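Asker: This is the structure I have questions about; it appears just below.
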Amino acid sequence: MARVRKVRLDELEAPLVEPFETSFGVERRRRFLVVALEDDTGETGLGECVAARDPLYSGESVATARWMLQTYLIPRLLREELPTPEAFFAQARPLREHLMAKAAVEIALWDLHARRAGTSVARALGGTRSRVEVGVSVGIQPTVPQLVRRVGQYLDDGYRRIKVKVKPGWDREPVGALRREYPDLRLWADANQAYPPSAAREVAAWATEFQVEQLEQPFPERALSAHAEIARGAPFKVCLDESITSAEALDEALERHALTSLNVKPGRVGGLATGRAMGRRAAEAGFPAWVGGMLETGIGRSFNVALASTPPFVFPGDLSASDRYYREEFVDPAFELGPGSTLRVPTGRGLGVEVVERVYRKFLRRRREFRRSA
């Protein structure tokens with residue numbers, strides 16, 4: 001009977017390469033949690049929690065995730081037999097919300113079970129690709145010329161798809177400038193809920209005029225009617241992100257015709273299994289799905305890339321290379337942009353890459369261990 005013998009909960013903080021600004025605010029440093037599950041044989045699985053320091057993107061934060069993990073999820077793991085990732089998510093369902101905390105454990109279980117089976121997480125998930133196409137997300141810049149130059153640098157690096165953050169007052173001018181400078185650019189825009197539903201016509205107008213391929217989450221997460229309105233007959237994809245936190249939420253959005261593309265972030269929806277199921281559901285409905293990122297280190301990125309290698313995901317993900325967000329990579333080998341704007345899918349056991357302990361310890365700020373009682 002396999003059991004979890006020890007759980008380690010680490011809190012780390014690392015500076016970003018450059019400030020990353022969205023309609024929620026500006027991030028210069030990222031504080032995050034890593035869950036490490038050790039079984040009776042000494043095998044260990046890791047899961048990176050995507051909750052941010054402040055509850056802006058969602059109601060979760062580092063503090064709430066730490067509390068949920070310490071108070072409910074870790075004690076449950078130490079009391080029971082080692083669950084599969086799917087079984088854990090089902091067992092944790094009575095505990096409402098806290099999907100980012102749950103996802104950190106679920107992802108660590110994928111790593112642990114894949115290691116025990118001598119395979120990679122990508123293969124365990126049913127991944128079929130050796131490389132996945134990716135794009136890059138560009139935060140709000142101080143000026144339009146700076147945005148144009150930054151995008152040019154990413155294109156020179158080899159990225160083929162660019163997503164820019166927008167908000168009221170930072171939309172028509174920067175998006176138009178990019179289209180004029182790069183007429184053939186595969187251009188996406190992401191508002192992170194910044195617009196009121198009353199702005200639907202205005203938003204649709206500039207997205208259409210400047211040939212935006214995809215507009216992501218323009219309105220508040222519960223404003224499905226507004227998303228349905230803008231999606232009706234739009235020449236661009238309307239993608240939902242923050243609105244979709246469960247299978248039920250996705251079904252409602254599909255029933256109301258509120259999306260024509262789906263962003264799946266494993267941390268947002270509760271883990272890899274749920275994310276994979278959502279991708280399949282979107283494909284059944286005839287819509288593309290893609291894997292988004294949340295400023296993860298190489299630890300979290302490895303799981304996102306593994307999920308993106310599975311058949312439901314056909315649009316380039318917001319995953320990008322290691323050097324996009326951090327100067328010092330947490331894993332070896334680092335993720336490097338390859339031919340066709342792609343990243344290699346790790347094939348080693350578990351997450352498929354090795355943690356660089358020197359870097360990990362450099363940014364470690366807090367550690368707590370929990371052990372199973374005899």
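All of the numbers you see were taken from the coordinates with simple rules; none came from a lab. These numbers come from a predicted model, not from an experiment. Because the Cβ atoms are built from the backbone with ideal geometry, glycine has one as well, and the counts that use them run over all protein chains shown.
Asker: Once amide H atoms are built 1.01 Å from N in the peptide plane, which residues 5 or more positions from residue 30, or in another chain, come under 5 Å H to H?
Answerer: Counting only residues 5 or more places away or on other chains, the set is 14, 16.
Asker: Just going by the charge dipole of the chain, with Lys and Arg at +1 and Asp and Glu at -1 on Cβ, which of 285, 47, 266 is farthest out on the positive end?
Answerer: Final value for the positive-end residue is 47.
Asker: While we're looking at this one, here's another question. Label 7 Å along Cα→Cβ of residue 247; the range 273-287 residues with amide nitrogen under 15 Å?
Answerer: Within reach of a label on residue 247: 273-285.
Asker: Order these by the 10 Å Cβ neighbour count, fewest first: 302, 341. Working shown, then result.
Answerer: On the way: 302 29, 341 23.
Least to most surrounded, the residues fall as 341, 302.
Asker: With the crude spin-label approximation of a point 7 Å out along Cα→Cβ, what separation in nm comes out for residue 371 versus residue 323?
Answerer: Calculated label separation equals 4.4 nm.
Asker: In the structure displayed, which of 163/237; 165/265; 165/237; 163/265; 167/265; 102/265 lie more than 19 Å apart, Cα to Cα? Walk me through the intermediate numbers first.
Answerer: On the way: 163/237 13 Å; 165/265 17 Å; 165/237 16 Å; 163/265 16 Å; 167/265 21 Å; 102/265 13 Å.
Those over the limit are 167/265.
Asker: Over the range 124-344, what is the relative contact order in percent, taking alpha-carbon pairs closer than 8 angstrom and at least six residues apart?
Answerer: Values: 406 pairs, mean separation 50.3, N = 221.
For the range 124-344, the relative contact order is 23 percent.
Asker: Further question: Karplus couplings for the range 199-208 from phi (6.51 cos²θ - 1.76 cosθ + 1.60, θ = phi - 60°), rounded to Hz, Gly and Pro as x?
Answerer: Ordered by residue, 3J(HN,Hα) equals 8, 3, 5, 4, 5, 4, 5, 6, 5, 6 Hz.
Asker: Students often get this wrong, so try it: which of (1) 139; (2) 123; (3) 175 is volume of the Cα convex hull per residue in Å³ as calculated from the structure shown?
Answerer: Of the labelled values, this structure produces (2).
Asker: Report the label-to-label distance for residue 234 and residue 357 in nanometres (one decimal), using points 7 Å from each Cα along the Cα→Cβ vector.
Answerer: It works out to 4.9 nm between the two label points.
Asker: Residue 130 to residue 257: extension gain in nm, 0.36 nm per residue of separation minus the Cα-Cα distance? Spell out each step's value before the answer.
Answerer: On the way: separation 127, 0.36 × 127 = 45.72 nm, distance 3.35 nm.
So the extension gain works out to 42.4 nm.
Asker: Kindly identify the range 1-76 as rounded, prolate or oblate by the Cα gyration tensor criterion: order the square roots of the eigenvalues as a ≥ b ≥ c, call it rounded if a/c is under 1.5, otherwise compare a/b with b/c, prolate if a/b is larger, else oblate. Could you put the intermediate results ahead of the total?
Answerer: Details: a/c = 3.75, a/b = 2.07, b/c = 1.81.
Prolate.
Asker: Can you tell me the FRET efficiency between residue 84 and residue 283 if r is taken as the Cβ-Cβ distance and R0 is 22 Å, rounded to the nearest 0.05? Intermediate values should be presented prior to the final figure.
Answerer: On the way: r = 24 Å, r/R0 = 1.08.
After rounding to 0.05, the efficiency reads 0.40.
Asker: Additional query: Could you tell me the calculated FRET efficiency between residue 148 and residue 332, based on Cβ-Cβ distance and R0 = 30 angstrom, to the nearest 0.05? Kindly include the intermediate steps, with their values, before the conclusion.
Answerer: Details: r = 35 Å, r/R0 = 1.15.
Calculated value: 0.30.
Asker: Output the relative contact order of the chain, whole-number percent, from Cα pairs under 8 angstrom with separation of 6+ residues. List each step's numbers first, then the result.
Answerer: Numbers: 810 pairs, mean separation 84.2, N = 374.
Once divided by the residue count of the chain, the mean separation gives 23 percent.
Asker: Using a basic spin-label model with each label point 7 Å from the Cα along Cα→Cβ, how many nm lie between residue 201 and residue 157?
Answerer: For residue 201 paired with residue 157, the spin-label model returns 4.0 nm.
Asker: Going by the alpha-carbon gyration tensor, a ≥ b ≥ c the square roots of its eigenvalues, is the range 79-169 rounded (a/c under 1.5) or, if a/c is not under 1.5, prolate (a/b greater than b/c) versus oblate?
Answerer: On the way: a/c = 4.43, a/b = 1.89, b/c = 2.34.
Note, shape of the range 79-169 comes out oblate.
Asker: Okay, moving on. Assuming a ≥ b ≥ c are the square roots of the Cα gyration tensor eigenvalues, decide whether the range 124-344 counts as rounded (a/c under 1.5), prolate (otherwise, with a/b larger than b/c) or oblate. Mind dumping the intermediate values first?
Answerer: Working: a/c = 1.82, a/b = 1.08, b/c = 1.69.
It is oblate, given that a/c is not under 1.5 and a/b is not larger than b/c.
Asker: Between residue 222 and residue 182, what is 0.36 nm times their sequence separation minus the Cα-Cα distance? Round to one decimal in nm. List each step's numbers first, then the result.
Answerer: Values: separation 40, 0.36 × 40 = 14.40 nm, distance 3.43 nm.
Answer, rounded to one decimal: 11.0 nm.
Asker: Using only Cα atoms, locate the centre of the range 69-116 and the centre of the range 4-58, then give the distance between them in Å, rounded to an integer.
Answerer: Answer, in whole Å: 16.
Asker: Explain nothing, just compute: Karplus ³J(HN,Hα) = 6.51 cos²θ - 1.76 cosθ + 1.60, θ = phi - 60°, for every residue of the range 240-254 in order, whole Hz, x for Gly and Pro.
Answerer: Here the 3J(HN,Hα) series is 10, 10, 4, 5, 10, 10, 7, 4, 5, 5, 5, 4, 5, 5, 5 Hz.
Asker: Here is a further query. Please list, in order along the range 10-26, the HN-Hα scalar couplings obtained from phi with the Karplus expression 6.51 cos²θ - 1.76 cosθ + 1.60 (θ = phi - 60°), rounded to whole Hz, x for Gly and Pro.
Answerer: Going residue by residue, I get 10, 10, 10, 9, 9, x, 7, 4, 8, x, 10, 10, 10, 5, 7, x, 10 Hz, with x marking Gly and Pro.
Asker: DSSP beta bridges in the chain, what fraction antiparallel, as a percent rounded to 5? If you can, show how the numbers build up before the last one.
Answerer: Working: 35 of 57 bridges.
In the chain, DSSP labels about 60 percent of beta bridges as antiparallel.
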